[in-house]
Amino acid sequence: MARYAFRMQRLFVDHPLVEGERCALDKQQSNYLINVLRMRAGDDVLLFNGRDGEWRATIADDAKKAAALSVAEQTRAQTEAADIDYLFAPLKHARLDYMVQKAVEMGASRLRPVITAHTQTTRLNLDRMRANVIEACEQCGILNVPSVLEPVKLASVLSDWRDGDDARKLIFCDEGDEGDDPVSILRAMEPSRLAILIGPEGGFSEDERKDLKARDFVTAIPLGPRILRADTAAVAALAIVQASVGDWVSRRKK
């Protein structure tokens, strides 16, 4: 995959991207480009919509409340989306923002909030989560925009999981595991579609841990000898998975 021009301003737009298309920006995006960044007609930006790759566009109308862009040429083709579900117990405010952004940067393709016995907050602003997803994509050159799903109780997630040989495998990050070598466990797994589960600050209950470990589609891994905060565990778990069985490995083999 070609590297993106990280010094150029990048915007997500929910608009078809084809050569010659005129793309009107919303009020917030117009304000950001024209009033905050002081860009003017003739300046270039990069656009993506999660479907049509990345395109260079030129500011055609620099009205402060309704700027418009002219789509010029494709700079990167759309890449195949990753296939990692990221399941997590919601956190509060700024730490949830951080977790969402880092999960996107690390290659999660779907964000699935799950309510566990020790989850501290159950009311989520999904629009805010989606905004953080888009911001992370804009800043890090990501072409595929991960989806954000409605929160569901962990028991329901497990009972509705499709079983069988082709089922998605669930990597359960178990803070109660006494081991310290998750890499060996992951590399011993058969190739499959993956999901990663991170618990709340208070950890999983014993009943939840027993239920998870009894499921055929679940593989438990430790995250080292130290107890990690939930947002730190998210980054650690995704890094370990990507480096062991994810796209870091496939890219290195090419």
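GLN74 - would you say it is among the polar types (S, T, N, Q) and either within 30 Å of ARG123 (Cα to Cα) or open to solvent by less than 50 Å² (accessible area, probe 1.4 Å) (or both)?
It is false that GLN74 is among the polar types (S, T, N, Q) and either within 30 Å of ARG123 (Cα to Cα) or open to solvent by less than 50 Å² (accessible area, probe 1.4 Å) (or both).
Restricting to the stretch 1-17, name every residue that is among the aliphatic types (A, V, I, L, M) and modelled with pLDDT of 95 or more.
Residues satisfying the conditions are LEU11, VAL13, LEU17.
Kindly list, by first and then second residue, each pair from a residue in the stretch 204-220 that is without any contact (Cβ under 8 Å) to a residue 40 or more places away in the chain to a residue that is surrounded by 18 or more Cβ atoms within 10 Å (Cβ to Cβ) and not in a loop (DSSP other than H, G, I, E, B), limited to pairs with Cβ atoms under 9 Å and residues at least 6 apart or on different chains.
These pairs meet every condition: ARG209/PHE172; ARG209/ALA220.
How do the pairs read when you match residues in the stretch 159-187 that are over 19 Å from ALA214 (Cβ atoms) with residues anywhere that are of a type outside the set (Val, Ile, Thr) and modelled with pLDDT under 95, using Cβ under 7 Å and keeping only pairs 6 or more apart or on different chains?
ASP180/PRO222; ASP180/GLY224; ASP180/PRO225; PRO182/PRO222; PRO182/LEU223; VAL183/SER244; LEU186/SER244; ARG187/SER244
Considering each of VAL241, VAL249 in turn, give the residue that is aliphatic (A, V, I, L, M), out of contact with any Ser or Thr (no Cβ under 7 Å at 6 or more places or on another chain), modelled with pLDDT under 90 and part of a helix (DSSP H, G or I).
VAL249
Just to be sure I understand, how many residues within the stretch 182-208 are charged (D, E, K, R), surrounded by 11 or more Cβ atoms within 10 Å (Cβ to Cβ) and assigned to a loop (DSSP other than H, G, I, E, B)? Walk me through it before giving the result.
Step one: list which residues in the stretch 182-208 are charged (D, E, K, R), which gives 187, 190, 193, 201, 206-208.
With surrounded by 11 or more Cβ atoms within 10 Å (Cβ to Cβ) added as a condition, the list becomes 187, 193, 201, 208.
Now narrow it down to the ones that are assigned to a loop (DSSP other than H, G, I, E, B): 193, 201.
Count: 2.
Mind checking whether some residue in the stretch 148-169 is in contact with a helix residue (DSSP H, G or I) (Cβ under 6 Å, 6 or more places away or on another chain) and either at pLDDT 95 or above or open to solvent by 50 Å² or more (accessible area, probe 1.4 Å) (or both)?
yes
Can you find a residue that is within 22 Å of GLN78 (Cβ to Cβ), in contact with a Leu (Cβ under 9 Å, 6 or more places away or on another chain) and open to solvent by 30 Å² or more (accessible area, probe 1.4 Å) anywhere in the stretch 106-128?
Looking through the stretch 106-128, at least one residue is within 22 Å of GLN78 (Cβ to Cβ), in contact with a Leu (Cβ under 9 Å, 6 or more places away or on another chain) and open to solvent by 30 Å² or more (accessible area, probe 1.4 Å).
Inspect the stretch 165-181 for any residue being within 30 Å of ARG10 (Cβ to Cβ) and part of a loop (DSSP other than H, G, I, E, B) and give the result as yes or no.
Scanning the stretch 165-181 turns up no residue that is within 30 Å of ARG10 (Cβ to Cβ) and part of a loop (DSSP other than H, G, I, E, B).
Quick check on this structure: which one of ALA214, ALA239 is open to solvent by 70 Å² or more (accessible area, probe 1.4 Å) and either small (Gly, Ala, Ser) or under 19 Å from VAL114 (Cα atoms) (or both)?
The conditions single out ALA214.
Mind checking which residues of the stretch 113-149 are touching a residue at least 24 places away in the same chain (Cβ under 8 Å) and within 17 Å of GLU201 (Cα to Cα)? Can you show your working first?
Within the stretch 113-149, the subset touching a residue at least 24 places away in the same chain (Cβ under 8 Å) is 113-122, 124, 126, 128-129, 132-149.
The answer is PRO113, VAL114, ILE115, THR116, ALA117, HIS118, THR119, GLN120, THR121, THR122, LEU124.
The values are calculated or read from the model by the stated rules, or taken from the named source; none is laboratory data. From a predicted model like this one, the values you see are computed outputs, not experimental measurements. With ideal geometry, Cβ positions are generated from the backbone for all residues, glycine too; neighbour counts draw on all protein chains shown. For accessibility, only protein heavy atoms count, side chains too; no ligands or nucleic acids. Shrake-Rupley method; radii C 1.70, N 1.55, O 1.52, S 1.80 Å.
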